[in-house]
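As structure tokens, the structure follows; a few thoughts come after it.
No value in this document is a laboratory result; all are computed from the given coordinates. Predicted, not measured: the structure shown is a model, and the values here were computed from it. Neighbour counts are summed over all protein chains in view; Cβ atoms, including those assigned to glycine, are modelled from backbone coordinates with ideal geometry.
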Amino acid sequence: MKEINRIGVFTSGGDAPGMNAAIRAVVRASLFHKLEVVGIYRGYAGMIEGSFIKMNSHSVSNIIQRGGTILKTARSDEFRTREGRKKAYENLVENNIDALVAIGGDGTFSGAHVFYQEYGMPVIGIPGTIDNDLYGTDFTIGFDTAINTAIDAIDKIRDTADSHDRLFFVEVMGRDAGMIAIRSGIAGGAEAILVPEWKTDIDQLISILQRGWQKHKSSSIVVIAEGDQSGGAFKVAEKVKARFNHYDTRVSILGHIQRGGNPSCNDRVMASRLGVAAVEALTRGRSDEMVGIIHNEIKFTPLEKAIKYHQGINKDYMQMIEILAGY
Ligand code: F6P
């Protein structure tokens, strides 16, 4: 087993509320285990540029409650190339970094896995993405905060939808994953929810709205994940309006507000647990794995598997949403 003295920690891909709590936990756990810890700015981009900062306990004071990431984040095209990864490795060696904690989503873990295969750099991934689409953990850091932001917005939209008797199409984040749409849609009382994982059936959507109209429903909300197969909220609204125009219709795109804000209690606690577990895993010689929480227990999943398989969406939700819509 390779001896580890100095850990590098970074955040990569889309930011997520709770990433700071994870960084804090990684730094404090490293220091507890008498390891040095270095922050790498802007993920793989900073690794290639050599943008490092030595961290101490004070470096992570007063950040547990802050959204975003103090280490900044980026999506690096250069790291996808062999030359980019070589530069990154050379910089890590030059700075005596002998293990990594990567906080991010599937793109981050794909990079970490390839890097491990090429250079044998020990790495543990911490799932940080609002999308909650990783296999090997019940929840990812940031998801809880994001869905609460989304339902707060949907509640507000419901007020104005109701006052004006309008039909609203609300688009939430999720390029490839519908978890945010499902949770926020159910909790926000949506009439229908459209997600990338299920084929969108406009006829069925119109028939649901029609039934609501016939039952004198004065306003309706449809929640749509941005990656929905029919092209997002504006396109769906257009298609529906062309054939069903009983309601005055509006579209609202919630966008990046879902990525910001103070992390929820759940996200902070989960990030803290995962950060401590990631460092302990490295000290025990684990590598090329993601640390997650399944049924409230720390579990490790090979990075390759965490990326390859996605958390599916239970089809039962579909029927439940129709039942709850009340027609
Ligand atoms: O992966 C997280 C995520 O927020 C997705 O839900 C969304 O599609 C994407 O990032 C947006 O990325 P960007 O901030 O680069 O536009």
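For the chain, the longest principal axis of the C-alpha atoms and the axis of helix 202-214 are separated by about 50°. Within region 15-48, the trypsin sites (Lys or Arg not before Pro) that combine a DSSP coil assignment with at most 10 other C-beta atoms in a 10 angstrom radius are Lys34. For region 274-307 versus region 72-109, the spacing of their alpha-carbon centroids is 19 Å. Axis angle, to the nearest 10 degrees, between helix 106-119 and the longest C-alpha principal axis of the chain: 20 degrees. Stretched out straight at 0.36 nm per residue, the stretch from His295 to Arg243 would grow longer than its current Cα-Cα span by 14.2 nm.
Would any residue of region 233-276 have its amide N under 16 Å from a label point 7 Å out along Cα→Cβ of Gln210? List them or say none. Residues 239-247 qualify, since their backbone N sits under 16 Å from the label point.
Note down the relative contact order for region 88-221 as a percent, whole number, built from C-alpha pairs under 8 angstrom at least six residues apart. Walk me through the numbers before you get to the answer.
On the way: 154 pairs, mean separation 25.3, N = 134.
Reported as a whole number, the value is 19 percent.
In order along region 171-188, the Karplus-derived 3J(HN,Hα) couplings, from 6.51 cos²θ - 1.76 cosθ + 1.60 at θ = phi - 60°, round to 9, 10, 6, x, 5, 10, 9, x, 4, 5, 4, 4, 5, 5, x, 5, 5, x Hz, and Gly and Pro are given as x. Each residue of region 144-154 is assigned a 3J(HN,Hα), and the resulting list reads 4, 5, 4, 5, 5, 5, 5, 6, 4, 5, 5 Hz, derived from the Karplus form 6.51 cos²θ - 1.76 cosθ + 1.60 (θ = phi - 60°), x at Gly and Pro.
Between Thr301, Phe169, Val195, whose Cα lies farthest towards the positive end of the dipole of the chain when Lys and Arg beta carbons carry +1 and Asp and Glu beta carbons carry -1, centred on the Cα centre? Of the listed residues, the answer is Thr301.
Extension gain, Glu49 to Asp165, is 36.3 nm, computed as 0.36 nm per intervening residue step minus the present C-alpha separation. The length gained by stretching the chain between Asp201 and Asn314 to full extension, at 0.36 nm per residue less their Cα-Cα distance, is 38.9 nm. For Gln229, the residues 5 or more places off, or on other chains, whose built amide H falls under 5 Å of its own are Thr200. Overall, the anisotropy analysis places region 145-259 in the oblate class: the square-rooted eigenvalues a ≥ b ≥ c of its C-alpha gyration tensor yield a/c not less than 1.5, with a/b not exceeding b/c.
Of all DSSP bridge pairs formed entirely within the chain, close to 25 percent run antiparallel. For the chain, the relative contact order works out to 24 percent when only alpha carbon pairs closer than 8 Å and six or more residues apart are counted. What angle, in degrees between 0 and 90 and rounded to the nearest 10, separates the Cα long axis of helix 233-243 from the longest principal axis of the Cα atoms of the chain? Once rounded, the angle reads 20 degrees. Using R0 = 22 Å, the C-beta based FRET efficiency linking Gln117 and Asp77 works out to 0.70.
Explain nothing, just the number: relative contact order of region 145-259, from Cα pairs under 8 Å at least 6 residues apart, as a whole percent. Relative contact order for region 145-259 comes out at 40 percent. Applied to region 19-35, the Karplus parametrisation 6.51 cos²θ - 1.76 cosθ + 1.60 on θ = phi - 60° returns per-residue 3J(HN,Hα) values of 4, 5, 5, 5, 4, 4, 5, 5, 5, 5, 5, 4, 5, 4, 8, 6, 10 Hz, with x for Gly and Pro.
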